Amino acid sequence: MILVASLFAISSAATPSDLTRRDVFVPPVTYPHNGTVWKVQQHHNVTWDTSNHPVNITNKIGHIMLRKGGLTTPLVLAAGFDILLGRIEVQVPWVLNGNNYQIVLFGDSGNFSPTFTITGSIDS
C-alpha cells in the first residue's frame, strides 16, 4: 500500500504546465516521384516539404529506408539528420532492378514516396 501511494504521489507531481505540447510532423516526400529512375551507386537528394511544420515536433531526428514491393527493407540510406532540413543526399544501394521502389522517411511517422525505378544491377 505504501508503494502504491508513493507511485501515485510521484506520478501526480507532474502538472500539465510541465508537459510541452508536441505535434506529429508528416512531411510529404517530393523526390523521388513517379517516373524517377535511379541507377545503382549514384547519389541523389531525397527531398520532402517542410513548409508547414509545427513548432513543437515530437521527433526531429530522421532516417530514410528503402521499400520494395510494399515492404520496407532493412537498407538504411541515411540516419540521424534533422527532419527540418528538407533534403538529404543518399547513395543508391546495390539492389535488384525494379520499378516498385519507394523511399520511407521516418521522423514522427513513416512517409512513403511514390514508386520509382532503380536500374543498373546485374540480375536475371
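Name the residue that is nearest to Asn45 (Cα to Cα), counting only residues in the stretch 78-99 that are in a strand (DSSP E or B), open to solvent by less than 20 Å² (accessible area, probe 1.4 Å) and touching a residue at least 24 places away in the same chain (Cβ under 8 Å). Result: Val90. Is there a residue being open to solvent by 50 Å² or more (accessible area, probe 1.4 Å), at pLDDT 95 or above and assigned to a loop (DSSP other than H, G, I, E, B) anywhere in the stretch 100-117? There is at least one residue in the stretch 100-117 that is open to solvent by 50 Å² or more (accessible area, probe 1.4 Å), at pLDDT 95 or above and assigned to a loop (DSSP other than H, G, I, E, B).
When the stretch 17-43 is limited to residues that are open to solvent by 30 Å² or more (accessible area, probe 1.4 Å) and outside any loop (DSSP other than H, G, I, E, B), the one that is modelled with the lowest pLDDT turns out to be Asp18. The residues in the stretch 29-82 that are among the hydroxyl-bearing types (Ser, Thr, Tyr) and under 18 Å from Thr119 (Cα atoms) can be counted, and the count is 3.
A count restricted to the stretch 44-74 and to residues that are surrounded by 14 or more Cβ atoms within 10 Å (Cβ to Cβ) and assigned to a strand (DSSP E or B) stands at 14.
Scanning the stretch 79-103 for residues that are over 12 Å from the mean Cα position of the chain (by Cα) and of a type in the set (A, V, I, L, M) gives Leu85, Val90, Val92, Val95, Leu96. Ser6 passes every criterion in (1) at pLDDT below 95; (2) assigned to a loop (DSSP other than H, G, I, E, B) apart from (2).
Within the stretch 34-65, being touching a residue at least 12 places away in the same chain (Cβ under 8 Å) and hydroxyl-bearing (Ser, Thr, Tyr) holds for Thr36, Thr47, Thr50, Thr58.
The values are calculated or read from the model by the stated rules, or taken from the named source; none is laboratory data. All values reported here derive from a predicted model rather than from experimental measurement. We place every Cβ from the backbone using ideal geometry, glycine too, and count neighbours over all the protein chains shown. What goes into the accessible areas is simple: the full protein's heavy atoms, side chains included, and nothing from ligands, DNA or RNA. Shrake-Rupley method; radii C 1.70, N 1.55, O 1.52, S 1.80 Å.
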